[in-house]
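Some notes on the structure that comes next.
The values are calculated or read from the model by the stated rules, or taken from the named source; none is laboratory data. Since we're looking at a predicted model, the values are computed, not measured. Here the Cβ is made from the backbone with ideal geometry for all residues, glycine too, and neighbour counts use every protein chain on show. Side chains are part of the model used for accessible areas, which takes the heavy atoms of the whole protein and leaves out ligands, DNA and RNA. Shrake-Rupley method; radii C 1.70, N 1.55, O 1.52, S 1.80 Å.
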Amino acid sequence: MLNAAFHTTVAQLRELPADSLAEVAFAGRSNAGKSSAINTLCNHKRLAFVSKMPGRTQHLNFFRVDESRYLVDLPGYGYARAPKDQKHVWQALIGGYLGRRPQLAGLVMIMDIRHPLTDLDRSLLDWFRPSGRPVHVLLSKSDKLSRSQALPVLRQVSADLLASGFDASVQLFSSPKRVGVEEAETVVRGWLGVPKKNPVQGEGTGPSSS
């Protein structure tokens, strides 16, 4: 598992960590399972707060994984009850970060497998496109579907992203069932340049699974 700890909360772009060498951002619609995915990848119950009220995360939350390397929890989008002026603040913060942050190595997008590639998902991808960085999609809550139902969704989302010109990979993921955790961890570690430690150092072993 990734070994992460809370570092800072950023409300304005000028507050971004100056020492950062690499960052991986996590984005998703409210209630898509973003916080649960971060917690599962880091083997932590409350690293990213899982709220019953969508839209709770309003800033960029940075979690330190290694020396000058961070996971970044972006505000969830699509929460209809958020005030309009607050939505504009979030959009400026997310858009500015995704489009112009040179340390950003890649974007992990969490999509509910039952509702993938919504208009809001596509809008966020358009914000991210100028960065030229890769995208890795976690089709969350995959345990809600049978494998015969999930695999066609996986193939369709992969095809749609390819047709849209994105350098993207897609996988099935479930936090409660721990489906796809090692696969996602491998992607994030590769982007951050953080190798997995050997068993002597306490990280454990196990083959990567899809």
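The figures follow:
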quantity	calculated
Label of the coordinate-derived value, Rg/Rh (Cα atoms, Kirkwood Rh), listed as (1) 0.99; (2) 0.94; (3) 1.04	(2)
Mean Cα-pair separation over length for the chain, i.e. relative contact order, pairs under 8 Å, 6 or more apart, %	22
Formal net charge of residues neighbouring LEU21 (Cβ-Cβ distance under 13 Å; K, R +1; D, E -1)	-1
Amide H within-cut-off set for VAL137, under 5 Å, with H built and near neighbours excluded	MET109, SER169, VAL170, GLN171
Reachable aspartates and glutamates, given that their alpha-carbon falls under 20 Å from the alpha-carbon of LYS196 and they are not under 8 places away in the same chain	GLU23, ASP66, GLU67, GLU182, GLU183, GLU185
Protection proxy ranking of 37-43, 172-178, 128-134 - average other beta-carbon atoms within 10 Å, highest first	37-43, 172-178, 128-134
Surrounding net charge for ALA163, when Lys and Arg each add one and Asp and Glu each subtract one, Cβ distance under 15 Å	-1
Two-decimal ratio, segment 84-203, of alpha-carbon radius of gyration to 2.2 N^0.38 Å	1.17
Other-chain or far-sequence residues with amide H under 5 Å of ASP112's (modelled H)	SER140
Solvent-accessible surface ranking, highest first, for HIS136, HIS44, HIS88 at 1.4 angstrom	HIS88, HIS44, HIS136
Theoretical gain in end-to-end length, GLN58 to SER148 [0.36 nm per residue, Cα-Cα removed]	28.7 nm
Listed pairs LYS141/LYS197; LYS34/LYS144; LYS34/LYS177; LYS177/LYS197; LYS144/LYS177; LYS141/LYS177 exceeding 19 Å between Cα atoms	LYS141/LYS197; LYS177/LYS197
For segment 114-171: rounded, prolate or oblate by the Cα gyration tensor [a/c cutoff 1.5]	prolate
Nonlocal amide H pairs with TYR70, under 5 Å, H built at 1.01 Å	ALA22, GLU23, VAL24, VAL65
